[in-house]
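To keep things clear, I will list the structure first and then write my remarks on it.
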Amino acid sequence: MIRKKIKNKKWNYTSKIMVSILLASMMLMGTVGCSSTATISEETANTVSETTDEAQQSSAETVNEVVYLTKDDIEIKETYEASQSDEHAINADGDDATYSNIAVSKTGDSDGDESDFYGTNAAVYASDGATLTISDSLIETSGKHANAVFAYGEGTTINISDSLIETSDNTSGGIMVTGGGTLNATNLTINTSGNSSAAIRSDRGGGTMNVSGGYYKTSGTGSPVVYSTAEVTLSDAYMESTASQGIVVEGKNSVTLNNVTLVADNNTKNSKNSDYYQAVMIYQSMSGDADEGTSSFAMNGGSLTNKNGDIFFITNTSCEITLNNVSITNEDGEGIFLRASSAGWGKDGSNGGKVNLYATSQIIEGDIIVDEVSELNLYLKSASSFTGAINNSGEAGEVNVELSEGSTWTLTADSYITSLSCDGEAINLNGYTLYVNGEIYQ
């Protein structure tokens, strides 16, 4: 199989082969003296994972090579088709099976929970403890609720590599798990164009998804690259959304990105519950599709580029965000870095976002807003720098800030926080006023 490769941090728009790597350059800001006003609890601080520091050794490490496949790159030896509603082209029901160099075509619409929760209309389907292995193949769907590759149930595993997946209708994800299934993907190219069609998708019951290498792009409304109600890990990949968030995490689930390039352009509303656009959304919908609990988003190395709105939006859930040496760029001059706020999900008065944000060797630029029903614990360590304001309009939700190991905060407007813990010379007021628990910080 001939494979086109993305190399050396260059995007060629003509060939649609891209890796955009923005390297962080550490910037030591001018500082003024700092005295500790209050200390965030050690118990809360210790919840950060010890593995974070080891996950990314240097921001200079990049996505060196990403495979982008076209149909011409796949050598087809056998074809499988399904055209009826709720019919699979390939079905591994409790059996182990292996396929290579195949073309799979799925048409026929379906609707409702049966296809989304249980995969009844998926092109490639595995369940009941099966292990299904696919390589060097082409998988296409053009029906509604026609997910391409679907692993359902505990003990079920799909291993898929070096393959091209394309879906063109609504609610049709690229690769998907529910009910505790496992899916391992290597060097895939996935393009989805329908609405509510994440390239990497999960639904009720979740599962585990491990994705390494590859190119993942979505163009539909409500179609992030990743929609997680599962445990999802991606490494060394290129990811792009052109109408939706780049990443959505719902409920007690996680997304971990290791050395990936993420480009998000959320410019079309999929819900009336929120007025904001964002690259990463973390929330609880209360639909029953995701257990309630602490959500998790971690990014180690690589880059995140946001083209519209905010970088992070957290609502109606508790979450932990871990950033380790990530190059982050917000191309929207009016967008902010993080917004923890109530929206249209959950019960009024208790539906804010509760966030622990851990930054290691990290540059953060942009304001932070925490509304009156939300909370933020911000931990900056290992010479991290934050340039921005927190709640510049006045006191609102509880905000605790802790700076250590040479980290700095440079204000860009007046800021209001609840407590501050830092070493000397960590705060650069930059001509503005910092209020800590209602008192002016000197």
How do CYS422, CYS319 rank when sorted from fewest to most other Cβ atoms within 10 Å of their own Cβ? CYS422, CYS319
Two-decimal Rg to Rh for the chain - Kirkwood Rh, Cα set: 1.00
Taking amide hydrogens as modeled 1.01 Å from N in the peptide plane, which residues meet the under 5 Å criterion relative to ASP310, leaving out close sequence neighbours? TYR277, GLN278, ALA279, ILE336
At a temperature of 37 °C and a viscosity of 0.692 mPa s, determine how fast the stretch 65-216 diffuses translationally according to Stokes-Einstein, using the Kirkwood radius over alpha-carbon pairs as Rh; express D in µm²/s, rounded to the nearest whole number. 227 µm²/s
Of all trypsin sites (Lys or Arg not before Pro) in the stretch 219-279, the ones in DSSP coil with at most 16 other Cβ atoms within 10 Å are LYS269, LYS272
Mean Cβ-within-10 Å packing, highest first, puts peptides 423-429, 120-126, 355-361 in the order 120-126, 355-361, 423-429
Obtain the radius of gyration and the Kirkwood radius of the stretch 276-361 from its C-alpha atoms and give Rg over Rh. 0.98
Gap in Å between the Cα centre of the stretch 71-131 and the Cα centre of the stretch 225-240? 21 Å
Given H placed 1.01 Å from N in the peptide plane, which residues other than close sequence neighbours of TYR80 have an amide H under 5 Å from its amide H? ALA103, VAL104, SER105
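Could you compute the net charge surrounding GLY246? Neighbours are other residues with a C-beta less than 15 Å from the C-beta of GLY246; K and R count +1, D and E count -1.
-3
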Could you tally the net charge around VAL373, taking each other residue with its Cβ under 14 Å from the Cβ of VAL373, Lys/Arg +1 and Asp/Glu -1? -3
Return the inverse of the average 1/r over all pairs of distinct C-alpha atoms in the stretch 96-170, which is the Kirkwood hydrodynamic radius, in Å to one decimal. 12.4 Å
The chain: relative contact order as a whole-number percent, Cα under 8 Å and 6+ apart: 12 percent
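Treat every Asp and Glu Cβ in the chain as -1 and every Lys and Arg Cβ as +1, leave all other atoms uncharged, and give the resulting dipole magnitude about the Cα centre to the nearest 20 debye.
Roughly 1200 debye, rounded to the nearest 20.
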Can you give the calculated 222 nm mean residue ellipticity of the chain, where each DSSP H run of n ≥ 4 adds -39,500 (n - 2.57) and the sum is split over every residue, rounded to the nearest 500 deg cm²/dmol? -500 deg cm²/dmol
Local net charge near ASP109, Cβ-Cβ under 10 Å (Lys/Arg +1, Asp/Glu -1): -2
Hey, could you get me the Stokes-Einstein D for the stretch 187-322, Kirkwood radius over alpha-carbon pairs, 25 °C and 0.890 mPa s, rounded to whole µm² s⁻¹? 172 µm²/s
Taking loop as defined by DSSP and a crowding limit of 11 other beta carbons within 10 Å, which GluC sites (Glu not before Pro) in the stretch 330-408 fit? GLU331, GLU334
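No lab work stands behind these numbers, since they all come straight from the coordinates. Keep in mind it's a predicted model, so treat the numbers as computed, not measured. A quick note on method: Cβ atoms are made from the backbone with ideal geometry, for glycine too, and the neighbour counts reach across all protein chains shown.
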